[in-house]
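The values are calculated or read from the model by the stated rules, or taken from the named source; none is laboratory data. Since we're looking at a predicted model, the values are computed, not measured. Methodologically, a virtual Cβ is constructed for each residue, glycine included, from the backbone with ideal geometry; neighbour enumeration extends over all protein chains shown. With ligands, DNA and RNA removed, areas are computed over all heavy atoms of the protein, side chains included. Shrake-Rupley method; radii C 1.70, N 1.55, O 1.52, S 1.80 Å.
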Amino acid sequence: MGSPIGPTIRRRRLTKQLRELREARGLSCEQVAQQLGYGASWLSRIETNRRGVKPGDVRELLHVYGVNGPEAEELVQLARDARLRGWWQQYDDILSDAIRTFVGLESDATTIGNYEVSFIPGLLQTEAYARELFRAWRPTVDGAETERKVSARMGRKQSIDRPNPPTLWAVIDEAVLRREVGGPGVMREQLLHLLEVGERPNINLQVIPFSVGAYDPMGSGFSVFEFAEDDPPIVYIENLGGGVYLEDPKDVSRVLESLNYLRGAALSDRQSAELIAGIVKATQ
């Protein structure tokens, strides 16, 4: 069994089907919105998942598209299911739209590929390590907000702790292990945690050693989410503007190729664990 399908994927399934129905009838987003008395960008924002869609909105759209009967009821029910709240929505005040989507995809994925060059992947961070990262990234933020961010990050771990968890392929640069975050004690705890979770059958942790030298795509962290059934994979690439999602099959394919290259360039799981253990021993 795979992961349960949550509201994020249900919403994407719904908007994909709505877009396909509109395109099959040769209508533009502007034409449909005009018929329903909405602004020109209303439907475009729904179809690109920048705006939530209500069951009533779906009924209006299906009327324009000439869809009724069981097919219409199925899509309206999908709209209801897509509006269910995920656990992460209790943190709406501190999580951006992009990050809420990220956590939703992470919760629904059956396979997660992650490459990081600057810090430990979020799903593998200890509480102390995460807290020091947030303090460094936003030193002017008050302690209460920082603690809520830490709590939200720790909440993400339920996706890899649940029964039938996703497979996580995590590739990190050796620099991540050498960069001391929060002092020797925090870093030692974090490295020991990596050794512990690396033993899980669903987690594959590999390190790209300094000996590899320069490599592509060095310096550009990303995550790839793959899903059960017919839901296509989605890529998230981090940047200073908050990150971008890639869904075009050609773009996703290129990132998957990069991930496969990185896994080939990295040390094996066993060799990576030995490297981490060696760093821990050297800090005693």
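Below, the figures for the structure above:
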quantity: Selected residue (criterion: nearest to the chain's Cα centre (by Cα)) from residues of the range 210-262 that are of a type in the set (A, V, I, L, M) and over 30 Å from residue 14 (Cβ atoms); calculated: 240
quantity: Failed item, numbered, when residue 152 is tested on (1) closer than 20 Å to residue 85 by Cα; (2) modelled with pLDDT of 95 or more; (3) surrounded by fewer than 19 Cβ atoms within 10 Å (Cβ to Cβ); calculated: (3)
quantity: Boolean, residue 165 is at pLDDT 95 or above and buried (at least 17 other Cβ atoms within 10 Å of the Cβ); calculated: no
quantity: Any hit, the range 20-30, residues being under 22 Å from residue 98 (Cα atoms) and in a helix (DSSP H, G or I); calculated: no
quantity: Qualifying residue in the range 85-96 (condition: more than 30 Å from residue 145 (Cα to Cα) and open to solvent by 80 Å² or more (accessible area, probe 1.4 Å)); calculated: no
quantity: Residue within the range 162-175 that is of a type outside the set (Asp, Glu), more than 24 Å from residue 231 (Cα to Cα) and assigned to a helix (DSSP H, G or I) present; calculated: yes
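Table: residues versus (1) open to solvent by less than 80 Å² (accessible area, probe 1.4 Å); (2) of a type in the set (A, V, I, L, M, F, W, C); (3) outside any helix (DSSP H, G or I).
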position: 228; (1), (2), (3): yes, yes, yes
position: 232; (1), (2), (3): yes, no, yes
position: 235; (1), (2), (3): yes, yes, yes
position: 245; (1), (2), (3): yes, no, yes
position: 251; (1), (2), (3): yes, no, no
position: 255; (1), (2), (3): yes, yes, no
position: 260; (1), (2), (3): no, no, no
position: 267; (1), (2), (3): yes, yes, yes
